[in-house]
Structure formats: structure tokens, C-alpha cells
1. Consider PHE345 against the criteria (1) assigned to a loop (DSSP other than H, G, I, E, B); (2) modelled with pLDDT of 95 or more: it satisfies all of them except one. Which criterion is unmet?
2. Select from segment 106-132 the residues that are more than 24 Å from PHE82 (Cβ to Cβ) and in a loop (DSSP other than H, G, I, E, B) and list them in ascending order.
3. Can you name the residue in segment 382-398 that is at pLDDT below 95 and of a type in the set (A, V, I, L, M) and is also farthest from the chain's Cα centre (by Cα) among such residues?
4. Which one is modelled with the highest pLDDT, of the residues in segment 230-262 that are within 28 Å of PHE282 (Cα to Cα) and of a type in the set (A, V, I, L, M, F, W, C)?
5. Could you tell me which numbered condition SER199 fails, if it satisfies all but one of (1) without any contact (Cβ under 8 Å) to a residue 40 or more places away in the chain; (2) in contact with a helix residue (DSSP H, G or I) (Cβ under 8 Å, 6 or more places away or on another chain); (3) buried (at least 19 other Cβ atoms within 10 Å of the Cβ); (4) closer than 30 Å to THR114 by Cβ?
6. For segment 54-73, state whether one or more residues are of a type in the set (D, E, K, R), over 30 Å from VAL431 (Cβ atoms) and in a helix (DSSP H, G or I).
7. Which of the residues belonging to segment 166-180 are surrounded by 14 or more Cβ atoms within 10 Å (Cβ to Cβ), at negative phi and modelled with pLDDT of 85 or more?
8. Answer yes if at least one residue in segment 185-207 is touching a Leu at 6+ places or on another chain (Cβ under 7 Å) and within 27 Å of ASP246 (Cβ to Cβ), and no otherwise.
Amino acid sequence: MKQHHMKTGNTIASGIHFNRSGVTLMEVLMSVMIMSIGVVSLASLFPISILRGVQATKLTNATVLRYNAEALIEAFPQHFVFDPDGTLNTNGHIAHQRRNRNYIVDPLGSYFATLDGTGFEDSFGNDGSSTPLTRIPRFHAGLTSQLAAINFFSQQDSWTLHYEGVPSSINGARDTITIDPNDISSGIVDLTELGQMVSTVTGGRMLIYDTSGKQVQARSITSASINTGSSEISFADPLPNNELFDSISKIRIETVEQRYSYLLTVRRQIASDVASVDVVVFFRRNFSPEFEAVHDVENFVAEWNPGNDGAWGIAGYDDDNDGSDDERAGEQGAIGSDDFQRRKFTVRYNASVDKPLLKKGGYVFDAINARWYRIQAFEEDKSVSPITTAIVTLDQPIIQSINDPGAPGTPVTGLILMPNVVQVYPLGNKVR
């Protein structure tokens, strides 16, 4: 006889139970937690990718300038490397080369030092106040105007907008545009300020859009181009004589922004036609004298130090086969030993300027031997206020000494903590 089972709610009369569909609160919370971990991990990648993108852009532009600089040197080695002050005769002379053994070719730095009247145009480095330190001379290579310096020692790829608007008229000769004074006074700057900007920042230009707004002509302007009384801006090269420029739909006035620039570091041997050249690329370099202030250092010495075994060379072994072992002379840095070259030193901040901003990957400049080093790590002494010292570790061994190797701990003036350096490119030896 067939037996029937009756359902009552979720339970069958025979005692068989079915699970309820859905999820518990605990399962929901676990799912939310797992998803949150994934989202947070993914979100953390965005700022890192943006930072890497910025760094990649800087290095790309720096590399472009590096190749531009090398091409310039290859074309004019005498002018930009071997005789940047224009005093060397065709055969060369010892007095010039002895005086200019290490130097900087920096037309932009020289121009701004001349402009602000600091008197530092001929010296790369100062005492933080008013005295130049002429251990490393600075030369302008004959590029004494800002326009000339910008053309050769910067990358002209960025412009700053100061005015954009519709002019009221253009004259029949098509070389003068009139602006409504009410229009420009309600904008970013007025005509007087605009004239000052294009006079101070060489490289002012006006972009002039035709009637349709699809074609544009660029014209260079200076402070002399702007007549504040009549609200007119003139330019030397007239616009094309066609119907497209019978009227102007828009103008833009811009000045060049010196985002990427560079200088050259030159090291020469006396009476030699060979020079070692470095290209130093900056991003938005600050030309204020305080950023060229020279700081004191301790233990900036090119030397070997014994490793953990405390012995020179391989401990207990006669590395140089002279009958004795573990002596410094002859055995320091022996192959297979744990001896290491010094990369760490102490910097004492110049009290005449604000504390410099050290950062990993930044650069320091040896103002005695004209060498650049990259910072691998640093640790400031925060036990005193204000902070006055830091222990700096370089990413390479010290090549030449600033301090006397026989006087450890004695501070010597000789280090510039230069900000905004993107990269230093050693070009190797160049010949005249």
C-alpha cells in the first residue's frame, strides 16, 4: 500500500527537512570584508601609478635635454666646454687651464644672479649671505641675455597663459591689435602688469585666431609692444592679408615657462684637451641664492673602511704577501674581503639659510671637486631644535675627499644641497 506524506510548513510529515534559501549575516560580512580588501588594494595602486607617471615624464624630458646638450657640445666644444669665458687663445695657455680646472657652464644661473644684483654670477656657491665662494667658477658661455640662455639651456615646451579674450579691432596694416580696457582689466592681469611680465619673462608671445577660430598665427611681443595709453599691442610681422584675418575671433598672450633647464659641470686636467662633462637637468629650478649656499661636512673622505671582521683585507690572511697580515697599507679593499668604501658622511646645515629639504633620490654637489652624488638615505638629528645636522648615505662611494682624511670630525665648507635636480648625466670625456 502506497504511503503519502503531507507537508506542514517547511517540514515534511515523514521528518525530512529542507534548508532555507539565502545567506546569513556572517556570510554577508565576510563577503564585504573580502571585497573591501580588494578595493583598497586596487585603490592604493592609483597614487603609485600617478607618481610613477610623473617620474617617467620628468625622466623623459630630462633625457631629451641631455641629448640636446650633448649635440650642442659636439657642435661647439670650444665655446661651451673648453673656453666658456672666451679668454682661451687658439693654442690654449696654462694660466687659463690652471685657473679653470673645474667649473660650471650655467648661462641661466648667471643671468638671474646678474638680474637680482647678488654678485654671484661668476661663482657657483655662496656663504648663504652676501659672499660668493669662487672655488667653482660659473660661466655664461657668451649667453648673457635671458632669451639666448633659454634657447640653448632649457626646453621650451610649456607656456603660461596671462590673457585670453576677443580684441575690439585690428588696424589696416594688420600689425596692431586694440583691446577693450574694460575687457582686460576684468581678466587675470591689466595691460601694465602684462607689459611687466613679458619684459621680465623673455619669450612672450601672442596667439591670434582668425575669423573662423580654426587658424592661428603666433607673434613675439615684448613690453615695448604694449601701449597702455591706447590699449594697443603691436608686432613686427603683419598678419596675412586675406579675408580670414579681416577680424580676429580671439587672442591669447603667454610667456614661456622654464620647466626643464640644465647646466654643465666640467672637470679638466691641467694643460689637457680632455674634459669630463656632466649634464645636470632641473625641473622648475629655483634660482634663489639660498639654494646655492654651501654647507659644512664631516668625514666626506674617499677611503676604505674595515668590515665586520675589523681587519683590513681578509682577516688573518697576508693579502699582499709582504710577510704580515691585516695591515692597512697594501691590504685595504683586498679582493674577497668585507672592506667597503665610504659612502656616509655628516652635513652641518648653513645657519644663514633655511634648512634644506633633503630627500631620497636627491642630489648633493661637491663644491670642491665639482662632482654630483645621489642621496640613498639620510637621517636628521631631531634631538635638537632647530635641526642642524644630518647623516647622509650616498648611492655610490665618495670619489674625492672634501675633508682631510687625517682630521676626522673636523667640519669643512664644501657641499651644496641642490633641490629640483631630476637627473645627472655623465657624458664622459669630451675633446677639444
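1. Going through (1) assigned to a loop (DSSP other than H, G, I, E, B); (2) modelled with pLDDT of 95 or more one by one, PHE345 breaks only (1).
2. Within segment 106-132, the first condition is being more than 24 Å from PHE82 (Cβ to Cβ), and the residues that meet it are 112, 115-119, 126-131.
Of everything in segment 106-132, those that are more than 24 Å from PHE82 (Cβ to Cβ) and in a loop (DSSP other than H, G, I, E, B) turn out to be ASP116, GLY117, THR118, GLY119, ASP127, GLY128, SER129, SER130, THR131.
3. So, considering only residues that are at pLDDT below 95 and of a type in the set (A, V, I, L, M), the one farthest from the chain's Cα centre (by Cα) is VAL384.
4. Taking the candidates together, the pick is ILE253.
5. (3)
6. The first filter runs over segment 54-73 and keeps only residues of a type in the set (D, E, K, R), leaving 58, 66, 70.
From the residues that got through so far, the ones that are over 30 Å from VAL431 (Cβ atoms) too are 58.
With in a helix (DSSP H, G or I) added as a condition, the list becomes 58.
Within segment 54-73, one or more residues are of a type in the set (D, E, K, R), over 30 Å from VAL431 (Cβ atoms) and in a helix (DSSP H, G or I).
7. Restricting attention to segment 166-180, the residues satisfying the condition of being surrounded by 14 or more Cβ atoms within 10 Å (Cβ to Cβ) are 167-168, 170, 174-180.
If we keep only those that are at negative phi too, we end up with 167-168, 170, 175-180.
Matches in segment 166-180: PRO167, SER168, ILE170, ASP175, THR176, ILE177, THR178, ILE179.
8. Looking through segment 185-207, none of the residues is touching a Leu at 6+ places or on another chain (Cβ under 7 Å) and within 27 Å of ASP246 (Cβ to Cβ).
The values are calculated or read from the model by the stated rules, or taken from the named source; none is laboratory data. Keep in mind that what you see is a predicted model, and the values were worked out from it rather than measured. FYI the Cβ positions are ideal-geometry reconstructions off the backbone, even for glycines, and counts take in every protein chain you see.
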